[in-house]
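Asker: One structure, pasted below without further comment.
Computed from the coordinates by the stated procedures, all read-outs in this text should not be read as laboratory data. Just so we're clear, the structure is a prediction, and the values are computed from it rather than from any experiment. So basically every Cβ, Gly included, is an ideal-geometry build from the backbone, and we count neighbours across all protein chains shown.
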Amino acid sequence: MTDTILIRTAEPGDIDTIIQFIRDLADYEKLAHAVNTDRDTLARYLFGPRPMAEVLIAERQGDAIGFALFFHNFSTFEGRPGLYLEDLFVRPEARGAGAGKALLVRLAQLAVERDCARLEWSVLDWNEPAIAVYRAIGAVPMDEWTIQRLDGASLQALARS
């Protein structure tokens, strides 16, 4: 058998696998306490009448070994859409075989096919293995930009104001 990595688009039947990848990623990032998603909600936003995100699955010998969850954003300066990679995760036992890079290659292909101006993502500053991969493929940090987040009670309060 070959160790070829196959990248495919996720289907509704993959929802449990996607949730497990999300949990595994949260464990890796020491954020398991922050996972609030459930099967029905995730299925609605990934595969419902108005999908909000898409997922790619990396497989080796028929086993799901990684995933990438992404969605479109828009650059007003470019006047074109972009792709934002929310999560990329490869199971620890499968790392080093090229699945992460294969997922990034497919994302880049989708960005080009869809006339996107850019592919962007965030990485935790302590995740040196991931940062090394990103530098190797030519990604550059956006040092002058800081992510801002509004959620929970603060989001609700602003919405009510």
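Asker: Show the residue pairs meeting these rules: Cβ distance below 6 Å; 6+ apart or different chains; first residue within region 15-40 and touching a residue at least 12 places away in the same chain (Cβ under 8 Å) and closer than 21 Å to L56 by Cβ; second residue in a helix (DSSP H, G or I) and not basic (K, R).
Answerer: I15/A43; V35/A26; R39/I15
Asker: What are the residues in region 66-83 that are within 22 Å of I15 (Cβ to Cβ) and either in contact (Cβ under 8 Å) with a residue 60 or more places away in the chain or surrounded by fewer than 18 Cβ atoms within 10 Å (Cβ to Cβ) (or both), if any?
Answerer: Applying the first criterion (within 22 Å of I15 (Cβ to Cβ)) to region 66-83 yields 66-72, 83.
Answer for region 66-83, where residues must be within 22 Å of I15 (Cβ to Cβ) and either in contact (Cβ under 8 Å) with a residue 60 or more places away in the chain or surrounded by fewer than 18 Cβ atoms within 10 Å (Cβ to Cβ) (or both): F71, H72.
Asker: In region 24-60, which residue that is among the aliphatic types (A, V, I, L, M) and over 24 Å from W126 (Cβ atoms) is surrounded by the fewest Cβ atoms within 10 Å (Cβ to Cβ)? Lay out the reasoning, then the answer.
Answerer: Of the residues in region 24-60, the ones among the aliphatic types (A, V, I, L, M) are 25-26, 31-32, 34-35, 42-43, 46, 52-53, 55-58.
Next, from what is left, pick out any that are over 24 Å from W126 (Cβ atoms): 42-43, 46, 52-53, 55-57.
Values: L42: 19, A43: 16, L46: 19, M52: 10, A53: 15, V55: 23, L56: 21, I57: 20.
By that ranking, first place goes to M52.
Asker: While we're here: Considering only residues that are among the charged types (D, E, K, R) and surrounded by 12 or more Cβ atoms within 10 Å (Cβ to Cβ), which ones fall in region 84-98?
Answerer: At the first step, the residues of region 84-98 found to be among the charged types (D, E, K, R) are 86-87, 91, 93, 95.
Result: E86, D87, R91, R95.
Asker: Within region 87-111, can you find the residues that are within 20 Å of F74 (Cα to Cα) and not in a helix (DSSP H, G or I)?
Answerer: So the first thing to find is which residues in region 87-111 are within 20 Å of F74 (Cα to Cα), and the list is 87, 104, 106-111.
The answer is D87, and nothing else.
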